[in-house]
Amino acid sequence: MLKVCKFGGTSMADAAAIKKVKEIISGDESRRYIVVSAPGKRNKDDIKITDTLYKCYNDLAEKGSCKERFALIRERFLKIAADLGIKSDFKAVLDATEREIAEKKSADFTASRGEYLSARIMAEYLDFEFVDAEDIVRFDSQGRLNEDYTDDKVKTRLARIERAVIPGFYGRDSQGNIKTFSRGGSDITGSIIARGVNADIYENWTDVSGFLVCDPRIVPGAETIRQITYKELRELSYMGASVLHAEAIFPVMKVKIPINIRNTFKPDDPGTMIVPNEQYKSTNDEIITGIAGKKNFTVIFIEKSMMNSEVGFVRRVLSVIEHHGLCIEHVPSGIDTLSIVLESEQLKDGVLSDIVNEIRENVSPDYVHVIENISLIATVGHGMARRKGVAATLFTALANAGINIAMIDQGSSELNIIIGVANSDYEKCIKAIHDAFVVQNK
Ligand code: ADP
Ligand code: ASP
Ligand code: MG
């Protein structure tokens, strides 16, 4: 048995948490490769090391120095090192890091140092070898993970090492510079390592006892999902359930390594198992698996009678969006209607009115209408495909809660139903869906 374990920011936040991490690792011989995040928040009002590092970079760019801000980084790491009884001269490591940050003047390099320092401390504390992610994780010239190169490097480098600690979140780009994944990316590093060493399981240790049916900040006491498929998880994490980075399943999915989400602070809880379809053991009583959502979308609603018989209609609409270089979130359609859902963030500085005008010119619609400040909420679950009346239950629950639905999109896989509601109804909507399916089902 071989396990790769990733410990997130809260698990690395201070010496007390790191001691718990060590107990978890020492408790199981098969936990041999450890990926760590930078220290996160110690309490609600604390600041993550990574956030402070990005601010260091801004200070450097704006004021030419980040000395004052870096003192915060220094203080936190020195305290952790002292509390853990680290013997090596960590002050010298921090001095060198501060110098390199000033020399390189790169946002990615600066941000990556949280994971680097965290892994250096952890390797010494556990007496494991430190293997730098810059030597094994590689991006291509487009900025995407170079999977083959990385996989090969992980395999050859770790084959000779019995136990190692690897910093998450970063690697090198095709020019040899340090590059990070997007925020939360240590989850991806863990998955890459698990695949490279062909682990039996990828344990992702965080501060909740698994994936909950919905965000606990919206529905306090939401239940833990015991088992979920990769595809369901992808839908939920893409739609904002932030426990695991939305891209973290890809490396392990291809080789069918299950992911187990676990709680560092409640290590006996079984957590959530994320498995391929064929390993999923249905208990047959769950209709939905989870609910997740994201705020701030814009819907462009286009109506034209007989649009279906007009060759190239959809292409001409989509080419307008493509011409502006924007990504489309969803394209729900009816017989005479087509909606384009976009992230509002992309539509600043008059882009939206340009798009609407160009659509008018390109396809002469009967009607174009824009709805802003929309939240998308996904109700996800394999169980929905087997049941009758799921949509009816969902829409009745929302009607009873007085929520107006601006858009509906049911994926062809019958794995999810996505609805658009006003941002102001976001929390109310998630609660209503939760009550209709999870509470009523008891
Ligand atoms: P880590 O630092 O360990 O990577 P994250 O903060 O990235 O941890 O992810 C864990 C957090 O995700 C939880 O503390 C919780 O607030 C949040 N969260 C959002 N949606 C969910 C959900 N559906 N189930 C569990 N946690 C969720
Ligand atoms: N430390 C990085 C972040 O805060 C990466 C991670 O924690 O996964 O985004
Ligand atoms: Mg995370």
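The values are calculated or read from the model by the stated rules, or taken from the named source; none is laboratory data. These numbers come from a predicted model, not from an experiment. A quick note on method: Cβ atoms are made from the backbone with ideal geometry, for glycine too, and the neighbour counts reach across all protein chains shown. Heavy atoms of the whole protein, side chains included, go into the accessibility calculation; ligands, DNA and RNA do not. Shrake-Rupley method; radii C 1.70, N 1.55, O 1.52, S 1.80 Å.
Residues of the stretch 220-236 that are farther than 18 Å from MET384 by Cα and more than 9 Å from ligand 1 (Cβ to nearest atom): PRO220, GLY221, GLU223. Considering (1) among the aliphatic types (A, V, I, L, M); (2) under 20 Å from ARG144 (Cα atoms); (3) within 16 Å of ligand 3 (Cβ to nearest atom), the lone condition that MET253 does not fulfil carries the number (3). In the set (1) modelled with pLDDT of 95 or more; (2) open to solvent by 30 Å² or more (accessible area, probe 1.4 Å), ILE374 fails one condition alone, (2).
GLY64 passes every criterion in (1) under 31 Å from the mean Cα position of the chain (by Cα); (2) without any contact (Cβ under 8 Å) to a residue 12 or more places away in the chain apart from (1).
Could you check, for the stretch 253-260, whether at least one of its residues is in contact with a Leu (Cβ under 8 Å, 6 or more places away or on another chain) and surrounded by 13 or more Cβ atoms within 10 Å (Cβ to Cβ)? Checking the stretch 253-260: at least one residue is in contact with a Leu (Cβ under 8 Å, 6 or more places away or on another chain) and surrounded by 13 or more Cβ atoms within 10 Å (Cβ to Cβ). Within the stretch 227-238, is even one residue within 16 Å of ligand 2 (Cβ to nearest atom) and at pLDDT below 95? Yes: one or more hits. Among GLU203, GLU162, which is more than 16 Å from ligand 3 (Cβ to nearest atom), at pLDDT 90 or above and in contact with a Lys or Arg (Cβ under 8 Å, 6 or more places away or on another chain)? One residue alone meets the criteria, GLU162. Taking the criterion of being touching a Ser or Thr at 6+ places or on another chain (Cβ under 8 Å) and assigned to a helix (DSSP H, G or I), the residues of the stretch 315-356 that qualify are SER344, LEU347, LEU352.
Look at the stretch 29-41: where a residue is over 22 Å from TYR170 (Cβ atoms) and a partner is outside any strand (DSSP E or B) and among the aliphatic types (A, V, I, L, M), sitting 6+ places away or on another chain with Cβ atoms under 7 Å, you get SER30/MET1; SER30/LEU2; ARG31/ILE25.
Across the stretch 48-84, the number of residues qualifying as surrounded by 14 or more Cβ atoms within 10 Å (Cβ to Cβ) and either among the hydroxyl-bearing types (Ser, Thr, Tyr) or over 19 Å from GLU100 (Cβ atoms) (or both) comes to 8.
Each row is one residue, and each column tells you yes or no for (1) among the basic types (Lys, Arg); (2) within 26 Å of PRO39 (Cβ to Cβ); (3) open to solvent by less than 10 Å² (accessible area, probe 1.4 Å); (4) touching a strand residue (DSSP E or B) at 6+ places or on another chain (Cβ under 7 Å).
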| site | (1), (2), (3), (4) |
| --- | --- |
| VAL197 | no, yes, no, yes |
| ASN204 | no, yes, yes, yes |
| ASP207 | no, yes, no, yes |
| GLY210 | no, yes, yes, yes |
| CYS214 | no, no, yes, yes |
| THR224 | no, yes, no, yes |
| THR229 | no, no, yes, yes |
| ARG234 | yes, no, no, no |
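Screening ARG360 with (1) touching a residue at least 12 places away in the same chain (Cβ under 8 Å); (2) open to solvent by 50 Å² or more (accessible area, probe 1.4 Å) gives one miss only, at (1). Pairs linking a residue in the stretch 192-212 that is at negative phi to a residue that is of a type in the set (Asp, Glu) and more than 16 Å from ligand 2 (Cβ to nearest atom), with Cβ atoms under 6 Å and 6 or more positions apart or on different chains, are GLY196/ASP151; SER209/ASP269.
Report the residue count in the stretch 271-294 for those that are surrounded by 14 or more Cβ atoms within 10 Å (Cβ to Cβ) and either more than 17 Å from the chain's Cα centre (by Cα) or away from ligand 3 (no atom under 16 Å from the Cβ) (or both). First the steps, then the outcome.
So the first thing to find is which residues in the stretch 271-294 are surrounded by 14 or more Cβ atoms within 10 Å (Cβ to Cβ), and the list is 271-276, 280, 286-294.
Those still in the list that are either more than 17 Å from the chain's Cα centre (by Cα) or away from ligand 3 (no atom under 16 Å from the Cβ) (or both) too: 271, 273, 275-276, 280, 286-291, 293-294.
Residues flagged as surrounded by 14 or more Cβ atoms within 10 Å (Cβ to Cβ) and either more than 17 Å from the chain's Cα centre (by Cα) or away from ligand 3 (no atom under 16 Å from the Cβ) (or both) within the stretch 271-294 amount to 13.
Residue selection: MET253 satisfies the criterion of being without any contact (Cβ under 8 Å) to a residue 24 or more places away in the chain and closer than 23 Å to LEU2 by Cβ. Residues considered: GLY185, GLY196, GLY190. Of these, the only one that is within 24 Å of THR264 (Cβ to Cβ) and away from ligand 2 (no atom under 16 Å from the Cβ) is GLY196. Checked against (1) within 16 Å of ligand 2 (Cβ to nearest atom); (2) open to solvent by less than 40 Å² (accessible area, probe 1.4 Å); (3) within 17 Å of TYR426 (Cα to Cα), VAL219 passes all but condition (1).
Within the stretch 105-124, how many residues are within 20 Å of ILE161 (Cβ to Cβ) and touching a strand residue (DSSP E or B) at 6+ places or on another chain (Cβ under 7 Å)? Of the residues in that region, 7 qualify.
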